[in-house]
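To keep things clear, I will list the structure first and then write my remarks on it.
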Amino acid sequence: MRVHERSTHTEGGEVRRTLTKRPSFYHHLHPPRVPLREARFRYTFGLGGISLLMVLVLLLTGLLEMFYYVPSLEEANKSLHQITLLVPYGSVIRGLHYWAAQLLVVTSLLHLMRVAFTGGYKGGRRFNWLLGLSLMVMVLFFDFTGYALRWDEDIAWALKVGTNLLRTIPYAGEGLYALVVGGDEIGRPTVVRIFGWHVYGLVLVAAIFTGWHLFRVRRDGGISRADKKGPTISRNELVRREALAALMALIGLLLLTVFFPPSLAPPANFDGLPAEATAPWFFLWIQELLRLGPPLWMGVIIPLVLLVGLVLVPYALDRSAEGEGLWFNRPGRLAQIVVFLIVAIIVALTLVGVLR
């Protein structure tokens with residue numbers, strides 16, 4: 001909050017100066033008054049704010065890592081070892097970056113479910129649902145490209161299978177494959193190409209969509225327009241609560257970094273792949289689908305069908321404006337069931353992959 005001096009004139013002509021607090025830019029991102037019910041932690045669980053915090057941590061730690069990371073076939077893995085072992089506090093920076101990326105997947109998915117189960121897409125917020133869904137997809141690609149930049153033997157199968165899935169797409173497959181890996185096969189240009197997508201391509205698009213998403217939330221009056229006549233709190237109080245939640249999240253993130261540092265295997269060798277194919281945990285569900293049938297159907301079409309199901313939530317499954325802001329509202333029951341089933345399928349397949 002900034003202190004602002006305001007001058008007023010009394011009836012006797014005297015000038016009276018008073019000091020008032022002018023809201024900062026961050027305060028302006030919030031409506032002046034927020035319904036008390038929607039400001040409670042058990043309503044939102046702070047998932048949107050924690051997701052944004054993880055994005056900021058990723059941005060800061062990623063910028064610091066760029067001073068030492070070398071995106072080349074020979075130096076990518078070696079430079080990460082140097083960051084971890086030789087750079088002062090490098091292991092902490094890398095650990096924070098890693099765990100923020102993992103937690104962002106979880107908090108983004110839970111935030112999406114919270115919006116679906118409370119009807120947060122109602123009342124003219126359908127387009128913002130699409131923006132949030134797009135950001136969720138980008139988070140997965142961010143994590144995958146960051147995972148590949150380790151260039152160790154643990155990422156070899158995931159990168160090979162993931163990029164080969166592009167080749168199964170009719171007509172455009174070979175072009176998409178070359179666009180991602182930088183040639184006819186994974187090789188020297190691939191590290192630079194993935195680094196470019198991770199640092200520049202995805203960051204630019206994600207920054208635009210994140211700003212757009214936050215703007216729409218602010219313009220629409222907060223997370224919902226329900227219960228505006230009930231008790232409210234000021235945005236100053238909401239910011240205080242958000243700061244406390246952010247502090248707790250950062251402490252948890254630091255504890256994960258200290259007690260569970262990310263691993264780093266020897267450099268990848270695509271001429272001698274491990275016997276067992278492995279995917280990062282957030283794509284284990286696709287790995288399990290690939291065991292069940294043709295790659296095009298299991299690795300491309302079915303995930304797209306699930307994504308389309310989520311896209312249709314506010315456009316076909318629940319077009320009613322009633323029940324906005326209410327947990328498990330009756331008009332949105334069909335949409336809630338569809339979202340639950342999609343998430344349940346993904347979680348079940350992920351658990352199968354973990355336990356296999």
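The values are calculated or read from the model by the stated rules, or taken from the named source; none is laboratory data. No experiment lies behind these values; they were computed from the predicted model shown. Don't worry about glycine lacking a Cβ; one is built from the backbone with ideal geometry, like all the others, and counts go over all protein chains shown.
Give the range 163-172 a look and list any residue that's out of contact with any helix residue (DSSP H, G or I) (no Cβ under 7 Å at 6 or more places or on another chain) and in a loop (DSSP other than H, G, I, E, B), or say none.
Going through the range 163-172, the residues out of contact with any helix residue (DSSP H, G or I) (no Cβ under 7 Å at 6 or more places or on another chain) turn out to be 164, 170-172.
Selection gives 170, 171, 172.
Report yes if some residue within the range 75-95 is assigned to a loop (DSSP other than H, G, I, E, B), in contact with a Phe, Trp or Tyr (Cβ under 8 Å, 6 or more places away or on another chain) and without any contact (Cβ under 8 Å) to a residue 40 or more places away in the chain; otherwise report no.
Pass one, the range 75-95, residues assigned to a loop (DSSP other than H, G, I, E, B): 75, 86-89.
With in contact with a Phe, Trp or Tyr (Cβ under 8 Å, 6 or more places away or on another chain) added as a condition, the list becomes 87.
Filter once more, so that each one left must be without any contact (Cβ under 8 Å) to a residue 40 or more places away in the chain: 87.
Yes: one or more hits.
Of all residues in the range 114-140, those satisfying the criterion of being in contact with a Phe, Trp or Tyr (Cβ under 8 Å, 6 or more places away or on another chain) and in a helix (DSSP H, G or I) are 114, 115, 117, 126, 128, 129, 131, 134, 135, 138, 140.
Residues in the range 19-51 that are outside any helix (DSSP H, G or I) and modelled with pLDDT of 80 or more: 45, 46.
Does the range 260-269 contain any residue that is assigned to a loop (DSSP other than H, G, I, E, B) and touching a Leu at 6+ places or on another chain (Cβ under 9 Å)? Yes, that holds for at least one residue.
Of the residues 3, 70, 15, the single one that is among the β-branched types (Val, Ile, Thr), more than 20 Å from residue 144 (Cβ to Cβ) and at pLDDT 95 or above is 70.
Evaluate the range 257-266: report whether one residue or more is without any contact (Cβ under 8 Å) to a residue 24 or more places away in the chain, on the phi < 0 side of the Ramachandran plot and not β-branched (Val, Ile, Thr). Talk me through it step by step, then tell me what you get.
Step one: filter the range 257-266 for residues without any contact (Cβ under 8 Å) to a residue 24 or more places away in the chain, giving 259.
Filter again for on the phi < 0 side of the Ramachandran plot, leaving 259.
Then keep just the ones that are not β-branched (Val, Ile, Thr); that gives 259.
There is at least one residue in the range 257-266 that is without any contact (Cβ under 8 Å) to a residue 24 or more places away in the chain, on the phi < 0 side of the Ramachandran plot and not β-branched (Val, Ile, Thr).
Only one entry of 62, 90, 132, 124 meets the criterion of being under 23 Å from residue 212 (Cβ atoms), over 10 Å from the mean Cα position of the chain (by Cα), buried (at least 18 other Cβ atoms within 10 Å of the Cβ) and small (Gly, Ala, Ser), and that entry is 62.
Among residues of the range 275-301 being out of contact with any Gly (no Cβ under 8 Å at 6 or more places or on another chain), assigned to a loop (DSSP other than H, G, I, E, B) and among the small types (Gly, Ala, Ser), the one that is surrounded by the most Cβ atoms within 10 Å (Cβ to Cβ) is 277. Summed over the range 302-353, the residues that are under 22 Å from residue 135 (Cα atoms), assigned to a loop (DSSP other than H, G, I, E, B) and without any contact (Cβ under 8 Å) to a residue 60 or more places away in the chain give a count of 1. The residues of the range 100-121 include none that are without any contact (Cβ under 8 Å) to a residue 24 or more places away in the chain and among the hydroxyl-bearing types (Ser, Thr, Tyr). Filtering the range 173-216 to residues that are surrounded by 15 or more Cβ atoms within 10 Å (Cβ to Cβ) and not in a helix (DSSP H, G or I) leaves 182, 186.
Considering each of 335, 344, 268, 348 in turn, give the residue that is modelled with pLDDT of 95 or more, among the hydrophobic types (A, V, I, L, M, F, W, C) and buried (at least 18 other Cβ atoms within 10 Å of the Cβ). Selected residue: 335, the only one of 335, 344, 268, 348 that is modelled with pLDDT of 95 or more, among the hydrophobic types (A, V, I, L, M, F, W, C) and buried (at least 18 other Cβ atoms within 10 Å of the Cβ).
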